[in-house]
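Here's the structure, in structure tokens; my notes come after.
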Amino acid sequence: MKWADKLRPKLLFLRSGAAKVSLSGGNQAELDKKLVFSLAKKRIPSWSQFKHLKMFLSRRELWFIRLSFLLITLALTFLFFQYSHDHWVSGPAVGGEYCEALIGTPKYINPIYASISDLDSDLTALIFSSLFRRDGQGQLQPDLAENMEKNEDGRQYKIKIRSDAVWHDGQPLTVEDIIFTFQAIKDSEYHSPLRASFTGVEISRPTEDSVQFSLNEAYAAFPELLTFGILPKDIWQLIPPANATLSALNLKPIGSGPFKFKSLVKDQSGRLRTYELERNKDYYQNAPWIATVRFKFYPAYEEALSALAGQECDGLSYLPFNRRSEVAAVNQFNFYLLRQPQINAIFFNLKSGVGGERAVRQALARALPKKSLVAEIFGDYAQAIDGPIRPESFAYKDDFLKYEYDPAAAALSLEQAGWRLATITAEQVKTSQEQANADDETVRAPATEVLFFGPGLWRQKDGRWLKITLKMSDRGENLVLGQAIQNAWEKIGVKTVLTGLPATEIASQVIKTRDFEALLYGFMVGADPDIYPLWHSSQIGENGLNITGYSNKDADQLLEDARFANDQSVRKEKYGQFQEIIAADTPALFLYTAAYTYLQAKKIKGFAVDAIVAPYNRFANINDWYIKTAGTWR
């Protein structure tokens, strides 16, 4: 029944009553009030009553009420959003999965072996804890270490260990685990590649919660070595050292890091295809937000890039410079260019060919438009450098001899050194072609050399033509840079021959045997400016890294003093003097330092790494990465 229908009989009743009251002098207003309260016991009108309000209001009154209601609504909405903006916070939430593609297959997810493989190091860094770790700027930070004390002569390091770290199986991590791991590294039966780094270093336990490293001689960069993961003694002491590499724990490890082993999948041939980690909710620092990290292994970049395009993975461990154009759906990814301690240079063999002449090396340095070439070929992916110490290092000295592009000065240096321009004409080449077939070796050899150089202006001294062979890895960017170097050097009359070789052959057949005149190559030099292994004369041998054969007594002394000094300002001064000497001697032509390109889907939030020392440092702040979000009032 409608509201008006309910009202009608009561109105008739009350009207009849009103007539009687009126005759007796009653109050009409009082009767109206009784009429209203007889219909609704509540004093506040209901919504059904409000709907009939317009029957009693003028058009002007109705529009005034509507406008007032609109203004009140807008004001309340504004206040709500203003309050939400100030007090509603959206932030990371636990959950989600991150999948990363890697090239190759891991073998030893074990900190005493992992350094020989980037893949092994990647997984080890997430599963195991270490005394020190790298932050997003590549700087050393305490991990299991609470603090460190170094004695005055720099030969003893006492480190207090935090007490709240536990293994993934729930057992506490203790000083005994650290001592066991270090002794395993030093034990020749384990065959750890880290063993050589700790020659002359011993470990002891001065207190229940600390360890002490004692060195035979001071070494300023020693803490840089303490980033190896720690093994659980109770588990590994049951395995004979000779069998350590055969243990199943190398693929199903127990660590104390932010993630722990969950599962793995192998194909029919036994090759590892997928490796899965889960967050360690009991991690002693802030536990990760991402619930699962999955790694997928591919034999080559083609397959890995296809996996990215098909959204099978969210990231790629490393994107080679020459593969950038192959990335599909570029807008779905972040391309992180991470600074790394890499030095790319042309290393001259000081004991072979024209590379042994300093005037020639300096001329070649001045003939190369290095800065423009690096910018043109690499863009933001590389930075031109002038010396063996990176510009980001505290030890970098800016005001030393730098070989700016000056082809006229380069040509003059060669002239002064006796290398004069000589013309080989087309006629001479034609004659040489005929002589090359002669039976007389004294005729055939010069003719062959003329044919090799071809017509043009070339440099000659004492009957010898100036020629240099530049070897390099046959990667795409190397070949492009090599051709640019060849063009620049030949413009000043230096015949340049390019030889590209597989990267594996560079190490075994070129560097180890020192079989090169000039070598375009890159070295990782580490976070600390200690470059003793690359330039000290004691490292010239077959097993050393001084591949140029550089020997300078003053330079040796500076490298030794800087290596053993405890005072950073003293180290900076010594390395500054060293940079001046090596710039004058020019055993290498320093070119650029390249960025490490890390590819990651934009759905992954929180990545905050700018510099790395090793590829696995890209995970430096993985605890802060997140995929899921949640809001809370504050």
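Within region 314-332, the residues that satisfy the criterion of being over 23 Å from D135 (Cα atoms), under 20 Å from the mean Cα position of the chain (by Cα) and not in a helix (DSSP H, G or I) are P320, V327. Any residue in region 515-531 that is in a helix (DSSP H, G or I), aromatic (F, W, Y), outside the structural domain of R155 (by TED's automatic domain parsing) and under 31 Å from the mean Cα position of the chain (by Cα)? Within region 515-531, none of the residues are in a helix (DSSP H, G or I), aromatic (F, W, Y), outside the structural domain of R155 (by TED's automatic domain parsing) and under 31 Å from the mean Cα position of the chain (by Cα). Which residue, of S117, S130, is within 22 Å of G526 (Cα to Cα), out of contact with any helix residue (DSSP H, G or I) (no Cβ under 9 Å at 6 or more places or on another chain) and at pLDDT below 95? One residue alone meets the criteria, S117. Scanning region 194-210 for residues that are part of a loop (DSSP other than H, G, I, E, B) and surrounded by 13 or more Cβ atoms within 10 Å (Cβ to Cβ) gives L194, D209. When region 595-634 is limited to residues that are of a type in the set (G, A, S) and outside any loop (DSSP other than H, G, I, E, B), the one that is nearest to D314 (Cα to Cα) turns out to be A601. All of Y592, Y550 fail the test of being buried (at least 17 other Cβ atoms within 10 Å of the Cβ) and either part of a strand (DSSP E or B) or without any contact (Cβ under 8 Å) to a residue 12 or more places away in the chain (or both), apart from Y592. So, F295, is that one touching an Asp or Glu at 6+ places or on another chain (Cβ under 7 Å) and among the aromatic types (F, W, Y) or not? Yes. Residues satisfying the criterion are absent from region 547-561 (criterion: basic (K, R) and more than 29 Å from S413 (Cβ to Cβ)).
For every residue, the table says whether it meets (1) basic (K, R); (2) part of a loop (DSSP other than H, G, I, E, B).
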{"position": "I254", "(1), (2)": "no, yes"}
{"position": "Q268", "(1), (2)": "no, yes"}
{"position": "T274", "(1), (2)": "no, no"}
{"position": "L277", "(1), (2)": "no, no"}
{"position": "K281", "(1), (2)": "yes, yes"}
{"position": "F295", "(1), (2)": "no, no"}
{"position": "E302", "(1), (2)": "no, no"}
{"position": "L305", "(1), (2)": "no, no"}
{"position": "E312", "(1), (2)": "no, yes"}
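Here is a check on your reading of the model: is R133 in contact (Cβ under 8 Å) with a residue 40 or more places away in the chain and within 29 Å of the chain's Cα centre (by Cα)? So R133 fits the description; yes. In region 464-485, the residues that are within 14 Å of Y592 (Cβ to Cβ) and in the same structural domain as A507 (by TED's automatic domain parsing) form Cβ pairs under 7 Å with partners that are hydrophobic (A, V, I, L, M, F, W, C) and part of a loop (DSSP other than H, G, I, E, B), at six or more places apart or across chains, as follows: I485/L368. Checking each residue of region 238-255 against the condition of being of a type outside the set (G, A, S), within 30 Å of R155 (Cβ to Cβ) and touching a residue at least 24 places away in the same chain (Cβ under 8 Å) gives at least one match. Which members of region 383-392 meet the condition of being within 22 Å of L545 (Cβ to Cβ) and not in a loop (DSSP other than H, G, I, E, B)? Scanning region 383-392 gives no hits. For the condition hydroxyl-bearing (S, T, Y), more than 18 Å from G255 (Cβ to Cβ) and either in the same structural domain as L126 (by TED's automatic domain parsing) or surrounded by 18 or more Cβ atoms within 10 Å (Cβ to Cβ) (or both), S214 qualifies. Restricting to region 393-432, what's the tally of residues that are within 30 Å of R339 (Cβ to Cβ) and either part of a helix (DSSP H, G or I) or of a type in the set (K, R) (or both)? Qualifying residue count for the region: 2.
The values are calculated or read from the model by the stated rules, or taken from the named source; none is laboratory data. Everything numeric here is computed off the predicted structure, so don't read it as measured data. Glycine gets a Cβ as well: all are built from the backbone with ideal geometry, and neighbour counts include every protein chain shown.
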